[in-house]
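J.: Before I ask anything, let me first share the structure, which is written out below as structure tokens.
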Amino acid sequence: MAVLHALIICISALSGEDLFLQGDMHLRNAQYADAYTAFHQCAQNDATLSPYATLRMAQCRALSGNTDTAIQELEAFIKTAEPGPWHIKAQTNLAQLYAKEGQATNADPLFDPILAITPQPWWVEKIAWEATENRETLPEQRHKSYAYYRYVIDHVWYVQPRLDAAKKLIHSPDPEDRAIAILGMLRSSAYADAGKAILASPQTLLGIGGQGLPLEDLLALSQGQDVANLEAAAVAVENESVWIRLWLVHAARALTVGKKYDAAHRVAHLIAKRYPETRESGDTLWYLAEQVQNTAKDEAKAIHLYTELATLCPDHFRADDALYRVARLHDIAKRYDRAIETYTTFSDQFPTSRYRGQALYRAANIQQEAGNLDAAKALYLKGGQGGIADYYVHRGLERYRALEGHNNTNFINLEIDGAAPVLQAIADQRAPDPGVTESFLATPAYERLYFFGRNGLDEGEWEALHLLQQTTAMEDPGTHYQAIAEAGFAHTALQFAIDRDWGVDERDVKSVERWRLQLPRVYWKDVTALAKETGIDPYLILAVAKQESTYRATVVSRSGAMGVMQLMPKTAKWLGDVDPNITPHQATHLNVPKNCLRLGAFYLQRMKERSNDNLIYTVASYNGGPGNVDKWRKQFDGHNIDDFVEAIPFTETRDYVKKVLGYYAGYHTLYAPAE
């Protein structure tokens, strides 16, 4: 009893923030009684953090096995707490406890508020999945779970969630749902599972047979067999059933796998003509074109298919990629006139494409190599009007500056390779940064937001969500977006900005403020302090954080990489063992941004020293490993920096280097150098 009394006296002397952090530390160490005491003291002593501390107390109850008491405390909190972001969090926490206890009926309506939020923040996905699985246990609500699985299949780009949703939806009694499930399998490259599901549903196929094509021919095509009366499928296509579209997609893929490319093309063309705005139209042509290019080695046919995709499905997400492939194939084959023509046509047809800078850069290269220097300069300069965060934009501007033979005051040299400038930042893009004033941040909501952000606590996402919802009615929410991003919640803020078309004009051109939301000076005080300590440019640290996690402190990769700089625990432990600047506590608490940024910065410092100050080798080492980079440097010794970057054998590392350096130049374009 005396020990507990002494503990309470000690805790009471701490500030509310210290108490919350102490409770969080105890909670992570499964010391639930100590955590409860700290959170209880915080709730009593700090009105700003009190609601969240109270929710943490209920969490301690639940984790210690006292679920009934936790439920009672959450129910009481929901009834009595003042309105705020903690209210929807409390409802969600209570729903999760009810679901865990098998009380699906009680849980179901409590999930509704968080699921109704649009756009759905990235971190709500796990909650939505829990809610959906809970609804599956309620026959009267099961239709809502199937609706969610359809949403995932149609809107989520990541393969595994889409495939998981498809495997759930395939059990729906509705044939249309099952068709969408199989489409989800096809989109996720689960071709074998999709084929089995199709062939297991002959009666459904029979429902669309006889409308121009017999059932036996439908099944034959689904198994990759060509049929004499394939053109009769055009009649069947008039049917609006999803099964018709599904059958055609699967037939085209099966014919492609069977190397019956002409028959596959006829089916793919039917899909594109009948369903030009569906994802399947472009997907089918893309899959066929890649197989023709890589397996059949038929370049001319591949060019025809890629062109057809870009022409028939111009709004498909691969349409720009397809036309860029056409230009690259001409380029590789040294048909330079055709390549330049296609590159420039591409840049005009897809002005916001991620490949625009690369296309104009390569077209300019060809002109420069041919001695057409004026044409090259014009293309480099045109490419320089593209995306602020594009590696090729800044690389092209350096080529332009070199051809001009003088320093242009609109450009800023960025010495990347330790010898000569490689990238140019664009000085005239810089607009005065008003910053976020201290008075603006001196509100309980923003005080909480920044506290949670700098300590990697997920309560911050709920605060950010609440603040972003309040900006809906604001004429100019820019300062709020900036403040939320700089607190560490840039990913969520950008989701809302994109959903609301904030900061872009009718031509989809981004304002400087929108670019600053994409490249914010997040955790800035910690980053600049680390920069002075390590000698690493603070904008390089942020560029790596952008690529690794989009600045998210709580994200964990499938491989186990953690935190803002996405370090593997094994790497963090090694760094803590060998580097006196890293403490064991920092190495084991990667969710705290200050810790993870510190480890990442010191790791970059090591890679930079190993790379003789060459930032390209430094960034490549961070992603691909220093041993691999040593091999590549020997292999490409004497080559220019362009050759090295383009020849990096690991596709992931090659893309990583370009993205990080693009972000790095983008930061120097948007902001003045750090003091």
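The values are calculated or read from the model by the stated rules, or taken from the named source; none is laboratory data. In this text, all values refer to a predicted model and were calculated from it rather than measured experimentally. Using ideal geometry, Cβ is built from the backbone for each residue, glycine included, and neighbour counts are taken over all protein chains shown.
J.: Please name all residue pairs, on different chains or six or more residues apart, with Cβ atoms under 8 Å, provided the first residue is in segment 68-92 and is under 22 Å from A131 (Cα atoms) and the second residue is not in a helix (DSSP H, G or I).
T.: Correct list of pairs: I71/E101; H87/A81; A90/A81.
J.: Okay, next question. Give the residue, chosen from E299, E290, that is surrounded by fewer than 24 Cβ atoms within 10 Å (Cβ to Cβ) and closer than 24 Å to A190 by Cα.
T.: When all the criteria are applied, what remains is E290.
J.: So, in segment 171-187, how many residues would count as being surrounded by 21 or more Cβ atoms within 10 Å (Cβ to Cβ) and not in a helix (DSSP H, G or I)?
T.: 0
J.: So which residues in segment 103-136 are in a loop (DSSP other than H, G, I, E, B) and either in contact with a helix residue (DSSP H, G or I) (Cβ under 6 Å, 6 or more places away or on another chain) or free of Cβ contacts under 8 Å to residues at least 12 places away in the same chain (or both)?
T.: If the condition is that a residue be in a loop (DSSP other than H, G, I, E, B) and either in contact with a helix residue (DSSP H, G or I) (Cβ under 6 Å, 6 or more places away or on another chain) or free of Cβ contacts under 8 Å to residues at least 12 places away in the same chain (or both), then Q103, A116, P119, Q120, P121 are the ones that fit.
J.: If you don't mind, there's one more thing I want to ask. Looking at segment 628-640, can you tell me whether even one residue there is under 27 Å from the mean Cα position of the chain (by Cα), more than 18 Å from I541 (Cα to Cα) and not acidic (D, E)?
T.: yes
J.: For the structure I just gave you, tell me whether E125 is within 25 Å of the chain's Cα centre (by Cα) and surrounded by fewer than 18 Cβ atoms within 10 Å (Cβ to Cβ).
T.: Here the answer is yes, as E125 does meet what is asked.
J.: Considering only residues that are under 24 Å from L567 (Cα atoms) and assigned to a helix (DSSP H, G or I), which ones fall in segment 634-656?
T.: Residues satisfying the conditions are V645, T651, E652, T653, R654, D655, Y656.
J.: Between R266, R362, R274, which is closer than 30 Å to L397 by Cα and free of Cβ contacts under 8 Å to residues at least 60 places away in the same chain?
T.: The match here is R362.
J.: Which residue pairs have Cβ atoms closer than 6 Å, lie 6 or more positions apart in sequence or on different chains, and pair a first residue in segment 613-635 that is modelled with pLDDT of 90 or more with a second residue that is hydrophobic (A, V, I, L, M, F, W, C) and surrounded by fewer than 20 Cβ atoms within 10 Å (Cβ to Cβ)?
T.: Hits for this filter: G624/F650.
J.: Then there's this: Kindly provide the set of residues from segment 188-200 that are outside any helix (DSSP H, G or I) and either aliphatic (A, V, I, L, M) or buried (at least 19 other Cβ atoms within 10 Å of the Cβ) (or both), ordered by number.
T.: Within segment 188-200, S188, A190, A200 meet the criteria.
J.: Further question on the same structure: Take the residues of segment 137-147 that are in a helix (DSSP H, G or I) and in contact (Cβ under 8 Å) with a residue 24 or more places away in the chain: which is nearest to W247 (Cα to Cα)?
T.: Ranking the candidates gives Y146 first.
J.: Right, another one. Can A572 be described as surrounded by 17 or more Cβ atoms within 10 Å (Cβ to Cβ) and out of contact with any strand residue (DSSP E or B) (no Cβ under 9 Å at 6 or more places or on another chain)?
T.: no
J.: Shifting gears a bit: Output the residues belonging to segment 461-495 that are closer than 13 Å to V124 by Cβ and under 19 Å from the mean Cα position of the chain (by Cα).
T.: Of everything in segment 461-495, those that are closer than 13 Å to V124 by Cβ and under 19 Å from the mean Cα position of the chain (by Cα) turn out to be E461, A464, L465, H491, T492, Q495.
J.: With (1) among the small types (G, A, S); (2) free of Cβ contacts under 8 Å to residues at least 24 places away in the same chain; (3) closer than 26 Å to P444 by Cβ as the list, and G65 as the residue in question, which single condition is left unmet?
T.: Evaluating G65 over (1) among the small types (G, A, S); (2) free of Cβ contacts under 8 Å to residues at least 24 places away in the same chain; (3) closer than 26 Å to P444 by Cβ leaves (3) as the failure.
J.: Name every residue in segment 575-617 that is closer than 22 Å to G453 by Cβ, of a type in the set (D, E, K, R) and buried (at least 21 other Cβ atoms within 10 Å of the Cβ), in order of residue number.
T.: R598
J.: Taking into account only those residues within segment 526-585 that are aromatic (F, W, Y) and in a helix (DSSP H, G or I), which is nearest to I616 (Cα to Cα)?
T.: Checking each candidate, the answer is Y539.
J.: Looking at (1) more than 25 Å from T443 (Cα to Cα); (2) under 30 Å from the mean Cα position of the chain (by Cα), which is the only condition Y52 fails?
T.: Unmet condition: (1).
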